[in-house]
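Here is the structure we will look at.
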Amino acid sequence: MMKRHEVEIREGLLLMTFAVIIVAVTRGLLVVPIVVEGQSMMPALSHEDRVVVNKAGYWFSEPSTFDVVVFHATPEKDYIKRIIATPGDKLNYAHNELYLNEKKIEEPFLREHLDEIKEHTLTPDFTLEGVTGEVTVPEGYVFVLGDNRNHSLDSRAFGLVSIDDIIGKASFTFWPVSRLGFVP
């Protein structure tokens, strides 16, 4: 017959094992923390911000325009960028303005940048076709840009991103505490 403290130790170990399994499954399947590297997503995200990435967000829905996503850029490197165009979209920029399917679309997350630069160009003019050779974004792909357009390596340089390469949607900044909140 086991003594009471032996039972408590066994139950404690079982509880800790169960907790470790839950954390491992949650972190592996549902969410993952990442550290932002570089200035390409400023002002929404700054260098060394810690962000929670929701890996389960696209299990039942497709990525949407303006989602901030983390994706495999190379086998060794992940990038964080904003989706600007999704499958079927025509895309062009003219005079710092985004046009999707020939309709002008506001980018509220860029207001701070546009107010700062006033007389300069944040997003140089381009078309999807001029950058990728595609008239519309093909099925299974998205077009991404960094918010800090003049300092971002994005789809203008490396082309379209396969939806299969998306790890998840950046949802919440948890560090530094001064930047705590949802990703705009």
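The values are calculated or read from the model by the stated rules, or taken from the named source; none is laboratory data. As the structure is a computational prediction, the values presented were derived from the model and not from experiment. Glycine also receives a Cβ, built like all others from the backbone with ideal geometry; neighbour counts cover every protein chain displayed.
Here are a few things to note about the model shown:
- Residues of the range 42-59 that are part of a loop (DSSP other than H, G, I, E, B), in contact with a Ser or Thr (Cβ under 8 Å, 6 or more places away or on another chain) and closer than 22 Å to residue 149 by Cβ: 45, 49.
- Residue list for the range 10-49, restricted to those being of a type in the set (Lys, Arg) and at pLDDT below 70: 27
- Which listed residue is within 21 Å of the chain's Cα centre (by Cα), farther than 26 Å from residue 182 by Cα and part of a loop (DSSP other than H, G, I, E, B), from 74, 121: 74
- So residue 160, is it surrounded by 14 or more Cβ atoms within 10 Å (Cβ to Cβ) and more than 16 Å from the chain's Cα centre (by Cα): no
- Taken over the range 51-65, the criterion of being surrounded by fewer than 16 Cβ atoms within 10 Å (Cβ to Cβ) and either farther than 15 Å from residue 107 by Cα or among the hydrophobic types (A, V, I, L, M, F, W, C) (or both) is satisfied by 56, 59, 60, 61, 62.
- Condition broken by residue 54, with the remaining ones in (1) farther than 30 Å from residue 127 by Cα; (2) at pLDDT below 90 satisfied: (2)
- Complete set of residues in the range 124-148 that are within 15 Å of the chain's Cα centre (by Cα) and of a type outside the set (Gly, Ala, Ser): 141, 142, 143, 144, 145, 147, 148
- Restricting attention to the range 50-71, the residues that are more than 21 Å from residue 181 (Cα to Cα) and without any contact (Cβ under 8 Å) to a residue 24 or more places away in the chain total 3.
- Among the residues of the range 80-102, some residue qualifies, meaning at least one is closer than 25 Å to residue 175 by Cβ, surrounded by 14 or more Cβ atoms within 10 Å (Cβ to Cβ) and not basic (Lys, Arg).
- Within the range 129-162, the set of residues being outside any loop (DSSP other than H, G, I, E, B) and small (Gly, Ala, Ser) comprises 130, 155, 157, 162.
- When restricted to residues that are assigned to a loop (DSSP other than H, G, I, E, B) and either among the polar types (S, T, N, Q) or within 15 Å of residue 179 (Cα to Cα) (or both), the range 26-41 contains 4.
- Identity of the residue in the range 103-116, surrounded by fewer than 12 Cβ atoms within 10 Å (Cβ to Cβ) and modelled with pLDDT under 85, that ends up nearest to the chain's Cα centre (by Cα): 111
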